[in-house]
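The values are calculated or read from the model by the stated rules, or taken from the named source; none is laboratory data. Please read these numbers as outputs of a predicted model, since none were measured by experiment. In this analysis, Cβ positions are derived from the backbone assuming ideal geometry, glycine residues included, and neighbour counts consider all displayed protein chains. SASA here: full protein model, heavy atoms, side chains in, ligands and nucleic acids out. Shrake-Rupley method; radii C 1.70, N 1.55, O 1.52, S 1.80 Å.
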Amino acid sequence: MTPASGNKLRAVGYFRRLAAVAAAVVALMAAKPSLAQNIAVGEGIALQWGHFYVADHYNTWKEQGLTAKATTFASGRLVLDAVLGGGVLVGTAAETPVVFAALNGLPIRIIATLNHFEPFDLVGIKAIATGKDLKGRRIGVPQGTNAHYFYSKILASSGLSASDVTAVNLSPADFVSSLANGSIDAFVWSEPHLSQAMSMGEGKFHVVQFPGLYVGYSAVITLQNTIDKEPQTLVKVLKALQSADQAIAKDANAAADLTADRIKLDPKIARAVWPRVQFGTALAKDELIKELESQAKWAIDSKLVRPDAVMPNFKDIVVTQPFADAQAK
(Lines give C-alpha, C1' and ligand atoms only; values in the text may rest on other atoms or scores of the structure.)
Protein backbone atom coordinates (compact mmCIF):
# COMPACT_ATOMS: atom_id res chain seq x y z
CA MET A 1 0.00 0.00 0.00
CA THR A 2 1.37 3.38 -0.92
CA PRO A 3 1.44 6.26 1.57
CA ALA A 4 -1.13 8.06 -0.54
CA SER A 5 -3.57 5.15 -0.54
CA GLY A 6 -3.08 4.69 3.20
CA ASN A 7 -3.90 8.32 3.83
CA LYS A 8 -6.96 7.96 1.63
CA LEU A 9 -8.24 4.98 3.61
CA ARG A 10 -7.64 6.76 6.89
CA ALA A 11 -9.56 9.76 5.57
CA VAL A 12 -12.45 7.56 4.49
CA GLY A 13 -12.47 5.93 7.92
CA TYR A 14 -12.45 9.30 9.62
CA PHE A 15 -15.43 10.58 7.64
CA ARG A 16 -17.32 7.34 8.22
CA ARG A 17 -16.80 7.70 11.97
CA LEU A 18 -17.83 11.37 11.75
CA ALA A 19 -20.97 10.41 9.84
CA ALA A 20 -21.77 7.75 12.44
CA VAL A 21 -21.37 10.26 15.27
CA ALA A 22 -23.56 12.77 13.43
CA ALA A 23 -26.23 10.12 12.87
CA ALA A 24 -26.16 9.22 16.55
CA VAL A 25 -26.55 12.86 17.54
CA VAL A 26 -29.49 13.29 15.17
CA ALA A 27 -31.11 10.12 16.54
CA LEU A 28 -30.61 11.32 20.11
CA MET A 29 -32.14 14.69 19.29
CA ALA A 30 -35.10 13.01 17.64
CA ALA A 31 -35.62 10.74 20.64
CA LYS A 32 -35.39 13.57 23.17
CA PRO A 33 -38.69 15.45 23.51
CA SER A 34 -38.58 19.13 22.62
CA LEU A 35 -38.79 21.52 25.51
CA ALA A 36 -42.22 23.08 26.03
CA GLN A 37 -42.58 26.82 25.58
CA ASN A 38 -43.37 28.63 28.83
CA ILE A 39 -46.09 31.27 28.70
CA ALA A 40 -47.76 33.38 31.37
CA VAL A 41 -51.56 33.56 31.21
CA GLY A 42 -53.83 36.02 33.02
CA GLU A 43 -57.31 34.81 33.99
CA GLY A 44 -60.21 36.78 35.45
CA ILE A 45 -62.34 35.25 38.19
CA ALA A 46 -65.71 34.69 36.57
CA LEU A 47 -67.78 31.90 35.09
CA GLN A 48 -67.38 33.24 31.55
CA TRP A 49 -63.67 32.46 31.60
CA GLY A 50 -64.43 28.75 31.83
CA HIS A 51 -62.48 28.12 28.63
CA PHE A 52 -59.22 28.97 30.36
CA TYR A 53 -60.05 26.93 33.45
CA VAL A 54 -60.88 23.91 31.30
CA ALA A 55 -57.65 24.37 29.35
CA ASP A 56 -55.76 24.45 32.66
CA HIS A 57 -57.55 21.40 34.06
CA TYR A 58 -57.09 19.17 31.01
CA ASN A 59 -53.78 20.82 30.11
CA THR A 60 -54.74 21.40 26.50
CA TRP A 61 -51.78 23.80 26.50
CA LYS A 62 -49.47 20.79 26.51
CA GLU A 63 -51.01 19.52 23.27
CA GLN A 64 -49.62 22.65 21.61
CA GLY A 65 -46.18 22.42 23.20
CA LEU A 66 -46.97 25.06 25.81
CA THR A 67 -46.46 25.17 29.55
CA ALA A 68 -48.92 27.76 30.84
CA LYS A 69 -48.46 29.48 34.19
CA ALA A 70 -51.86 30.91 35.09
CA THR A 71 -52.39 33.88 37.41
CA THR A 72 -55.89 34.87 38.47
CA PHE A 73 -57.09 38.45 38.82
CA ALA A 74 -60.25 39.93 40.34
CA SER A 75 -61.34 41.45 37.01
CA GLY A 76 -60.49 41.57 33.34
CA ARG A 77 -59.33 45.15 33.73
CA LEU A 78 -56.59 43.95 36.08
CA VAL A 79 -55.66 41.22 33.59
CA LEU A 80 -55.36 43.92 30.93
CA ASP A 81 -53.03 45.91 33.18
CA ALA A 82 -50.88 42.80 33.60
CA VAL A 83 -50.74 42.29 29.82
CA LEU A 84 -49.70 45.92 29.36
CA GLY A 85 -47.05 45.56 32.03
CA GLY A 86 -45.60 42.44 30.46
CA GLY A 87 -46.53 40.22 33.38
CA VAL A 88 -48.63 37.93 31.19
CA LEU A 89 -48.48 37.19 27.48
CA VAL A 90 -52.18 36.63 26.89
CA GLY A 91 -55.25 36.99 29.05
CA THR A 92 -58.99 37.39 29.50
CA ALA A 93 -60.95 40.63 29.49
CA ALA A 94 -64.35 41.90 28.50
CA GLU A 95 -64.54 44.36 25.64
CA THR A 96 -64.96 47.50 27.77
CA PRO A 97 -61.44 47.63 29.29
CA VAL A 98 -60.14 47.22 25.73
CA VAL A 99 -62.21 50.25 24.70
CA PHE A 100 -60.63 52.40 27.42
CA ALA A 101 -57.16 51.12 26.52
CA ALA A 102 -57.76 52.06 22.88
CA LEU A 103 -59.05 55.52 23.84
CA ASN A 104 -55.79 56.02 25.72
CA GLY A 105 -53.68 54.83 22.81
CA LEU A 106 -52.55 51.61 24.48
CA PRO A 107 -51.65 48.66 22.20
CA ILE A 108 -54.08 46.05 23.56
CA ARG A 109 -55.59 43.81 20.89
CA ILE A 110 -58.46 41.29 20.77
CA ILE A 111 -57.59 38.04 18.97
CA ALA A 112 -60.71 35.98 19.79
CA THR A 113 -63.87 35.88 21.85
CA LEU A 114 -65.00 32.98 24.01
CA ASN A 115 -68.70 33.74 24.41
CA HIS A 116 -71.35 36.43 24.01
CA PHE A 117 -73.93 36.66 26.77
CA GLU A 118 -75.58 38.76 29.51
CA PRO A 119 -73.11 38.50 32.40
CA PHE A 120 -74.38 40.98 34.98
CA ASP A 121 -77.08 41.51 37.59
CA LEU A 122 -77.42 43.85 40.53
CA VAL A 123 -77.42 42.54 44.10
CA GLY A 124 -78.36 44.80 46.97
CA ILE A 125 -80.62 45.66 49.85
CA LYS A 126 -84.31 44.72 49.64
CA ALA A 127 -85.33 48.39 49.28
CA ILE A 128 -83.88 48.33 45.76
CA ALA A 129 -86.44 46.48 43.65
CA THR A 130 -86.19 48.39 40.35
CA GLY A 131 -83.72 50.68 38.62
CA LYS A 132 -85.63 53.74 39.84
CA ASP A 133 -84.89 52.68 43.43
CA LEU A 134 -81.20 53.37 42.84
CA LYS A 135 -81.77 57.10 43.23
CA GLY A 136 -79.81 58.42 46.18
CA ARG A 137 -78.09 55.06 46.73
CA ARG A 138 -74.41 54.09 46.81
CA ILE A 139 -73.67 51.51 44.16
CA GLY A 140 -70.41 49.59 43.84
CA VAL A 141 -69.14 49.38 40.28
CA PRO A 142 -65.58 49.04 38.98
CA GLN A 143 -64.96 52.01 36.70
CA GLY A 144 -63.79 51.27 33.19
CA THR A 145 -65.31 47.78 33.02
CA ASN A 146 -68.26 46.38 31.12
CA ALA A 147 -70.12 46.30 34.45
CA HIS A 148 -69.73 50.10 34.49
CA TYR A 149 -71.20 50.25 30.98
CA PHE A 150 -74.09 47.99 32.06
CA TYR A 151 -74.63 50.22 35.11
CA SER A 152 -74.93 53.27 32.84
CA LYS A 153 -77.61 51.46 30.84
CA ILE A 154 -79.53 50.66 34.03
CA LEU A 155 -79.57 54.36 34.89
CA ALA A 156 -80.61 55.44 31.40
CA SER A 157 -83.40 52.86 31.22
CA SER A 158 -84.65 54.01 34.64
CA GLY A 159 -84.69 57.71 33.78
CA LEU A 160 -81.78 58.49 36.09
CA SER A 161 -78.59 60.43 35.50
CA ALA A 162 -75.16 59.73 36.96
CA SER A 163 -75.67 62.54 39.47
CA ASP A 164 -78.78 60.81 40.90
CA VAL A 165 -76.67 57.93 42.21
CA THR A 166 -73.31 57.68 43.97
CA ALA A 167 -71.09 55.28 42.06
CA VAL A 168 -68.39 53.83 44.30
CA ASN A 169 -65.36 52.60 42.36
CA LEU A 170 -64.40 49.29 43.95
CA SER A 171 -62.48 46.18 43.04
CA PRO A 172 -64.84 43.19 42.72
CA ALA A 173 -62.87 41.58 45.55
CA ASP A 174 -64.34 44.24 47.88
CA PHE A 175 -67.96 44.08 46.74
CA VAL A 176 -69.36 41.54 49.17
CA SER A 177 -67.65 42.88 52.29
CA SER A 178 -68.63 46.47 51.40
CA LEU A 179 -72.26 45.47 50.95
CA ALA A 180 -72.24 43.48 54.17
CA ASN A 181 -70.83 46.34 56.24
CA GLY A 182 -73.17 48.93 54.72
CA SER A 183 -70.58 50.93 52.81
CA ILE A 184 -72.66 50.44 49.67
CA ASP A 185 -76.32 49.63 49.05
CA ALA A 186 -75.77 47.39 46.02
CA PHE A 187 -73.20 46.37 43.46
CA VAL A 188 -73.23 45.36 39.82
CA TRP A 189 -71.26 42.23 38.93
CA SER A 190 -71.53 38.52 38.14
CA GLU A 191 -71.09 35.16 39.87
CA PRO A 192 -69.61 34.08 42.23
CA HIS A 193 -70.04 37.45 43.94
CA LEU A 194 -73.83 37.44 43.68
CA SER A 195 -74.17 34.14 45.50
CA GLN A 196 -71.56 35.16 48.06
CA ALA A 197 -73.54 38.30 48.85
CA MET A 198 -76.79 36.38 49.10
CA SER A 199 -75.24 34.04 51.67
CA MET A 200 -74.11 36.91 53.91
CA GLY A 201 -77.49 37.45 55.54
CA GLU A 202 -80.70 35.44 55.44
CA GLY A 203 -83.11 37.48 53.33
CA LYS A 204 -81.05 40.64 53.74
CA PHE A 205 -80.02 41.03 50.09
CA HIS A 206 -81.55 40.02 46.77
CA VAL A 207 -80.70 39.98 43.07
CA VAL A 208 -82.35 42.38 40.61
CA GLN A 209 -82.11 41.50 36.92
CA PHE A 210 -82.27 43.78 33.89
CA PRO A 211 -82.64 41.43 30.92
CA GLY A 212 -81.86 42.66 27.44
CA LEU A 213 -79.91 45.76 28.47
CA TYR A 214 -76.46 44.51 27.60
CA VAL A 215 -74.85 41.50 25.93
CA GLY A 216 -71.10 41.41 26.42
CA TYR A 217 -68.11 39.70 24.87
CA SER A 218 -65.49 37.68 26.72
CA ALA A 219 -62.29 38.38 24.82
CA VAL A 220 -58.80 36.95 24.53
CA ILE A 221 -56.34 39.84 24.64
CA THR A 222 -52.66 40.41 23.98
CA LEU A 223 -50.29 43.15 22.81
CA GLN A 224 -49.69 44.23 19.22
CA ASN A 225 -46.00 43.57 19.83
CA THR A 226 -46.80 39.94 20.67
CA ILE A 227 -48.84 39.58 17.48
CA ASP A 228 -45.90 40.95 15.50
CA LYS A 229 -43.16 38.91 17.15
CA GLU A 230 -44.85 35.71 18.37
CA PRO A 231 -47.77 34.99 16.03
CA GLN A 232 -47.28 31.22 16.17
CA THR A 233 -47.40 31.25 19.96
CA LEU A 234 -50.79 32.94 19.78
CA VAL A 235 -51.99 30.37 17.26
CA LYS A 236 -51.01 27.65 19.75
CA VAL A 237 -52.88 29.45 22.52
CA LEU A 238 -56.04 29.66 20.43
CA LYS A 239 -55.77 26.02 19.39
CA ALA A 240 -55.47 25.04 23.08
CA LEU A 241 -58.66 27.01 23.76
CA GLN A 242 -60.36 25.29 20.83
CA SER A 243 -59.49 21.97 22.45
CA ALA A 244 -61.14 23.31 25.60
CA ASP A 245 -64.21 23.96 23.42
CA GLN A 246 -64.34 20.27 22.62
CA ALA A 247 -64.02 19.29 26.29
CA ILE A 248 -66.86 21.65 27.22
CA ALA A 249 -69.07 20.27 24.46
CA LYS A 250 -68.29 16.70 25.49
CA ASP A 251 -69.22 17.15 29.16
CA ALA A 252 -70.69 20.53 30.04
CA ASN A 253 -71.45 19.54 33.63
CA ALA A 254 -67.86 18.50 34.27
CA ALA A 255 -66.65 21.79 32.81
CA ALA A 256 -69.11 23.72 34.96
CA ASP A 257 -68.03 21.83 38.07
CA LEU A 258 -64.31 22.41 37.61
CA THR A 259 -64.96 26.07 36.80
CA ALA A 260 -67.06 26.36 39.96
CA ASP A 261 -64.18 24.90 41.94
CA ARG A 262 -61.76 27.46 40.50
CA ILE A 263 -63.95 30.48 41.28
CA LYS A 264 -65.37 29.14 44.58
CA LEU A 265 -68.94 28.90 43.34
CA ASP A 266 -71.64 26.38 44.24
CA PRO A 267 -71.57 23.79 41.41
CA LYS A 268 -75.37 23.83 41.26
CA ILE A 269 -75.30 27.54 40.46
CA ALA A 270 -72.55 27.05 37.88
CA ARG A 271 -74.54 24.31 36.14
CA ALA A 272 -77.67 26.48 36.13
CA VAL A 273 -75.91 29.50 34.63
CA TRP A 274 -73.66 27.54 32.25
CA PRO A 275 -76.14 27.26 29.33
CA ARG A 276 -76.56 31.06 29.29
CA VAL A 277 -72.89 31.54 28.53
CA GLN A 278 -72.88 29.69 25.18
CA PHE A 279 -69.17 28.88 25.12
CA GLY A 280 -67.32 28.77 21.81
CA THR A 281 -64.18 30.45 20.45
CA ALA A 282 -65.07 32.86 17.65
CA LEU A 283 -64.23 36.26 16.19
CA ALA A 284 -67.16 38.07 14.56
CA LYS A 285 -65.16 41.19 13.73
CA ASP A 286 -67.90 43.46 12.37
CA GLU A 287 -70.31 42.79 15.25
CA LEU A 288 -67.57 43.23 17.82
CA ILE A 289 -66.37 46.50 16.29
CA LYS A 290 -69.93 47.86 16.38
CA GLU A 291 -70.10 47.19 20.12
CA LEU A 292 -66.63 48.66 20.73
CA GLU A 293 -67.61 51.85 18.89
CA SER A 294 -70.83 52.14 20.88
CA GLN A 295 -68.97 51.86 24.17
CA ALA A 296 -66.26 54.30 23.05
CA LYS A 297 -68.96 56.88 22.26
CA TRP A 298 -70.46 56.31 25.73
CA ALA A 299 -67.05 56.78 27.39
CA ILE A 300 -66.37 60.00 25.46
CA ASP A 301 -69.87 61.43 25.99
CA SER A 302 -69.72 60.54 29.70
CA LYS A 303 -66.34 62.29 30.02
CA LEU A 304 -64.70 59.16 31.35
CA VAL A 305 -61.58 59.74 29.25
CA ARG A 306 -59.27 62.65 28.60
CA PRO A 307 -60.89 65.62 26.78
CA ASP A 308 -58.85 65.15 23.60
CA ALA A 309 -59.74 61.47 23.20
CA VAL A 310 -61.04 60.54 19.75
CA MET A 311 -62.80 57.49 18.38
CA PRO A 312 -60.17 54.78 17.77
CA ASN A 313 -59.99 52.74 14.59
CA PHE A 314 -61.22 49.47 16.06
CA LYS A 315 -60.40 47.62 12.84
CA ASP A 316 -56.82 47.77 14.11
CA ILE A 317 -57.82 46.67 17.62
CA VAL A 318 -59.57 43.46 16.53
CA VAL A 319 -56.85 41.38 14.85
CA THR A 320 -58.15 38.33 12.99
CA GLN A 321 -54.99 36.69 11.61
CA PRO A 322 -54.07 34.52 14.64
CA PHE A 323 -57.61 33.17 14.86
CA ALA A 324 -57.74 32.53 11.11
CA ASP A 325 -54.44 30.65 11.30
CA ALA A 326 -55.65 28.61 14.28
CA GLN A 327 -58.77 27.64 12.34
CA ALA A 328 -56.79 26.67 9.25
CA LYS A 329 -54.18 24.44 10.92
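What accessible surface, in Å², does a 1.4 Å probe find on I289, ignoring ligands, DNA and RNA and rounding to the nearest 10?
Rounded to the nearest 10, that gives 20 Å².
Could you look at the range 94-146 and say what percent of its accessible area is carbon and sulfur, using a 1.4 Å probe and all protein chains? List each step's numbers first, then the result.
Values: 770 of 1600 Å².
In the range 94-146, the share of accessible area belonging to carbon and sulfur is 48 percent.
At a 1.4 Å probe radius, carbon and sulfur cover how many percent of the accessible area of the range 196-248?
Details: 1180 of 2330 Å².
Here it works out to 50 percent.
Of the cross-linked pairs K239/K290; K153/K315; K239/K268; K132/K268; K239/K285; K62/K250, which ones have a Cα-Cα span greater than 21 Å in the structure shown?
Details: K239/K290 26 Å; K153/K315 25 Å; K239/K268 29 Å; K132/K268 32 Å; K239/K285 19 Å; K62/K250 19 Å.
Pairs exceeding 21 Å: K239/K290; K153/K315; K239/K268; K132/K268.
Quick check on the range 217-329: take the gyration tensor over C-alpha atoms, sort the square-rooted eigenvalues as a ≥ b ≥ c, and tell me if it's rounded (a/c under 1.5), prolate or oblate.
Values: a/c = 2.48, a/b = 1.38, b/c = 1.79.
In terms of gyration-tensor shape, oblate.
Can you tell me the length gained on complete extension of the stretch S161 to D316, counting 0.36 nm per residue apart and subtracting the Cα distance?
Working: separation 155, 0.36 × 155 = 55.80 nm, distance 3.30 nm.
Gain on stretching S161 to D316: 52.5 nm.
How long are the semi-axes of the equivalent ellipsoid of the chain, defined as square roots of 5 times the Cα gyration tensor eigenvalues? Whole Å, largest first.
Rounded to whole Å, the semi-axes are 51, 22, 16.
So if I restrict to the alpha-carbon atoms in the range 234-300, what is the Rg, and what is Dmax, the biggest pairwise distance, in Å?
Radius of gyration, then largest Cα-Cα span, for the range 234-300: 15.6, 43 Å.
Rg and Dmax of the range 138-239, using alpha carbons, in Å: what are they?
17.6, 54
Any idea what the alpha-carbon Rg over 2.2 N^0.38 Å comes to for the range 40-192? Numbers along the way, then the final one.
Details: Rg = 17.0 Å, N = 153, 2.2 N^0.38 = 14.9 Å.
Output field value: 1.14.
Taking amide H positions as placed in the peptide plane 1.01 Å from N, state which residues far from S75 in sequence (5 or more) or on other chains have amide H under 5 Å from it.
I45
Output ³J(HN,Hα) for the range 162-174: one whole-Hz value per residue in order, computed from phi by the Karplus curve 6.51 cos²θ - 1.76 cosθ + 1.60 with θ = phi - 60°, and x for Gly and Pro.
4, 6, 6, 10, 9, 8, 9, 6, 10, 6, x, 4, 9
Subtracting the Cα-Cα distance from 0.36 nm times the residue separation, let me have the gained length for T130 to K62 in nm, one decimal. Provide the component values of the computation, followed by the final result.
Details: separation 68, 0.36 × 68 = 24.48 nm, distance 4.80 nm.
Answer, rounded to one decimal: 19.7 nm.
Just want the answer: with Cβ charges of +1 for Lys and Arg and -1 for Asp and Glu, which residue in L66, T130, A260 is farthest toward the dipole's positive end in the chain?
Farthest along the dipole direction, towards plus: L66.
Along each principal axis of its Cα atoms, how long is the range 85-162 end to end? Whole angstroms, biggest number first, please.
44, 25, 21
Excluding ligands and nucleic acids, what accessible area in Å² is computed for M311 using a 1.4 Å probe, to the nearest 10?
My reading of the accessible area for M311 is about 90 Å².
Among S152, A219, A328, flag the residue with its Cα farthest along the positive direction of the charge dipole of the chain, charges on Cβ as +1 for Lys/Arg and -1 for Asp/Glu.
With unit charges placed on the Cβ atoms, the residue in question is A328.
With Cβ to Cβ distances under 9 Å as the rule, what net charge do the other residues near A68 carry (K, R +1; D, E -1)? Each step should come with its number before you reach the end.
On the way: positive: K62, K69; negative: D56.
My count for the surroundings of A68 gives +1.
Can you give the percent of C-alpha pairs in the range 166-207 whose distance is more than 11 Å? Intermediate results must be reported in sequence, preceding the final value.
On the way: 526 of 861 pairs.
Percentage above 11 Å: 61.
Rolling a 1.4 Å sphere over the protein heavy atoms, what is the accessible area per residue of the chain, to the nearest Å²?
For the chain, the per-residue accessible area is 48 Å².
DSSP H helices in the chain with Cα extent of 30 Å or more along the helix axis and mean Kyte-Doolittle hydropathy at least 0.5?
Those that pass (Cα extent of 30 Å or more, hydropathy at least 0.5) are 3-31.
Based on alpha-carbon centroids, what's the gap between the range 150-211 and the range 230-300 in Å, whole number please?
24
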